[in-house]
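The values are calculated or read from the model by the stated rules, or taken from the named source; none is laboratory data. Every value quoted in this text rests on a predicted model; they were computed, and no experiment measured them. We place every Cβ from the backbone using ideal geometry, glycine too, and count neighbours over all the protein chains shown.
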Amino acid sequence: MSDDEKKTDDKTLLYKALDDVEPIQQRRTEPYRRKLPPRPLNLPVGDEDDTEQDLYSDQEIETGEVLDYARPGVQHRVMHDLRRGYLEIGAELDLHGLTVRHARDELNRFLKICQERDIRCVRIIHGKGYRSEGKQPILKQKLNLWLRQRDDVLAFTSAPRRDGGTGAAYLLLRNPKKAKG
C-alpha cells in the first residue's frame, strides 16, 4: 500500500468516525479570561485613625496617571507581557471603599496568601479616586509606595483598559522558591 493510499484510507476512516458529529451551538463567545467572583468586604464604619502615622508618610513618590515599576533584573519582555495583560492572573484584590489602613492590611494579607499558593501574577483594583477629596487617587499613590518597598514584588504596572485601566494594577511576584536566602 502506497503512502497516498494510506492517507486516503485514513481520511476515509476519520470522515466515517465523525459523520454524525454536529457542532455545539453557543450564543456567545468564550470570555477572554476567567473572571474571579467578587468577594464581599465587611468593613467597619468610619475612617482610619488620624493619630496613626504612616511609616513612610515623609517619603513621596510621584505618581503619574500610569503606574510602572520594575526591579533591576526584570526582563524587558516580561514587562512588555505584564503591561499588555498577557500573563495569566492568578488572583485579584479589590480595594474599593477601603481606608488607607484597611487597604494596607488587606494588601499584606493578600500578598502573603499569594506567596503561600505560588501565585506569580495578580491584579489589584485600587480605583481612580473619584470619591476622595480633591478627586485624587489616594490608594493608588499609597500602593505605588508600598509595592516598591516589598521584596516579594518584582514589578507592577497599570492594567490595560479591558481590566480596569489606570484604576487597576498588575503585579508580578517573586517566586518564593527563588527568594533570597
Response to the item:
Flagged pairs (Cβ under 8 angstrom, 6 or more apart or on separate chains; first in the range 75-99, free of Cβ contacts under 8 Å to residues at least 60 places away in the same chain and hydrophobic (A, V, I, L, M, F, W, C); second in a loop (DSSP other than H, G, I, E, B) and loosely packed, with under 15 Cβ neighbours inside 10 Å) are ALA91/LEU36; ALA91/ARG117; LEU98/LEU41; LEU98/LEU43
Discussion item. Quick check on this structure: which one of GLY90, GLY97 is loosely packed, with under 14 Cβ neighbours inside 10 Å and either modelled with pLDDT of 85 or more or small (Gly, Ala, Ser) (or both)?
Written reply: GLY97
Item to complete: Please identify the pairs in which a residue from the range 143-155 that is more than 15 Å from ASP105 (Cβ to Cβ) has its Cβ atom under 6 Å from the Cβ atom of a residue that is among the basic types (Lys, Arg), counting only partners at least 6 apart or on another chain.
Response: ASP152/ARG174; LEU154/ARG71; LEU154/ARG174
Worksheet item: Can you name the number of the only condition in (1) of a type in the set (Val, Ile, Thr); (2) in contact with a helix residue (DSSP H, G or I) (Cβ under 6 Å, 6 or more places away or on another chain); (3) over 20 Å from ARG71 (Cβ atoms) that ILE125 fails?
Response: (2)
Fill in: TYR86 being within 14 Å of the chain's Cα centre (by Cα) and within 18 Å of ARG71 (Cβ to Cβ)
no
